[in-house]
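Quick notes on the structure that follows.
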Amino acid sequence: MDPITRAVLQSWNWQIEVIVVLVLMCTLYTRGWFRLRQRTRAKLRNLPIEKQRYRLAVRWRLISYWAGLLLVALALISPIDPLGQQLFFFHMIQHLLLIMFAPPLLLIANPMPFVLWGLPNPLRIRFGWFLAWLLRKDAPFRRGLLFVTNPGVLWMLWVIALFAWHDPGLYNAALEIEWVHQAEHLTFFLTSMLLWWNVTNARPRIRKKISLLARIGLLIAAVPPNMLLGVILSFAQPVYSYYETVPRLWNIGLQADQQIGGVIMWVPGSMMYVIAALILIARLLSGEEQQKLTRRSTPPIQKEKAADGTA
């Protein structure tokens, strides 16, 4: 193994604040998952098999949450982070993990109930009261959250964050100043979490449940801005002067580096939204097909009674 590759693989960015948050969230979720599983197992034991599948604490949620936290850890403390300071396309991989891979994995795990049940009982009760007070109908925080999570507003905020942080001035500043870099990551992660919150309908739900069509539309609307930025970066001349001042690893030139990064954003980045939209489209079609089958299987006499209100 050449010295550069060995040095890269040993370059872990052990950020204590990131590690503490990840370990805490993992511990709370896992503890809450096991507590809820134990509480519901006895209640569900006597139910039919077809109803047992709707229980909350299923294994895939736990695995999904662990996988989401692992991707956040890889993005922020693995060699991907220092490599992003040297190569543009590694910075795009880091953004991909924080924007398009980790948030959906974390949110389809429906983290709120599990994290709450992971708290000690007195703290869980107090936090539940505080959350109820914070999200009451007349609370300013709730009104602000309702505005920010409106699909149209949220899409606009996400697009602004995406393009603003790829502006040459802000992008160079993020690589030169640590707190700006952290603000960039936090902005990407929070706006993406809000976007995927709408798509997954994860708890807490502060607004009426968004229809499948609206969620599909939100995902499809996220594709053009992402593809546009990827195309621009793939075909433009090198736009980030910061990378002209650092050593070029593995003889990858500035132009090739930016082209690889642009393609990463353009193709795999956009495909995440497309795949999620296709999954929701399949759910929509299967639901409609199930309704058709139900209507076809209902005897005519029962249909007439149902129409007359006598069923």
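Per-structure values
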{"read-out": "Set 233, 229, 280, 249: member being open to solvent by less than 70 Å² (accessible area, probe 1.4 Å), touching a residue at least 60 places away in the same chain (Cβ under 8 Å) and in contact with a His (Cβ under 7 Å, 6 or more places away or on another chain)", "value": "229"}
{"read-out": "Matching residues in region 144-159 - criterion: being within 19 Å of residue 209 (Cβ to Cβ) and assigned to a helix (DSSP H, G or I)", "value": "145, 146, 147, 148, 151, 152, 153, 154, 155"}
{"read-out": "Where a residue in region 103-131 is on the phi < 0 side of the Ramachandran plot and charged (D, E, K, R) and its partner, wherever it lies, is crowded, with 17+ Cβ neighbours inside 10 Å and part of a helix (DSSP H, G or I), with Cβ under 7 Å and at least six apart", "value": "124/116; 124/117"}
{"read-out": "Flag for residue 223 being within 21 Å of residue 94 (Cβ to Cβ), more than 20 Å from the chain's Cα centre (by Cα), buried (at least 16 other Cβ atoms within 10 Å of the Cβ) and of a type in the set (A, V, I, L, M)", "value": "no"}
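The values are calculated or read from the model by the stated rules, or taken from the named source; none is laboratory data. These numbers come from a predicted model, not from an experiment. Counting neighbours? That spans all protein chains shown, and the Cβs are built from the backbone with ideal geometry, glycine included. Just the protein is used for accessible areas: all its heavy atoms, side chains included, with ligands, DNA and RNA removed. Shrake-Rupley method; radii C 1.70, N 1.55, O 1.52, S 1.80 Å.
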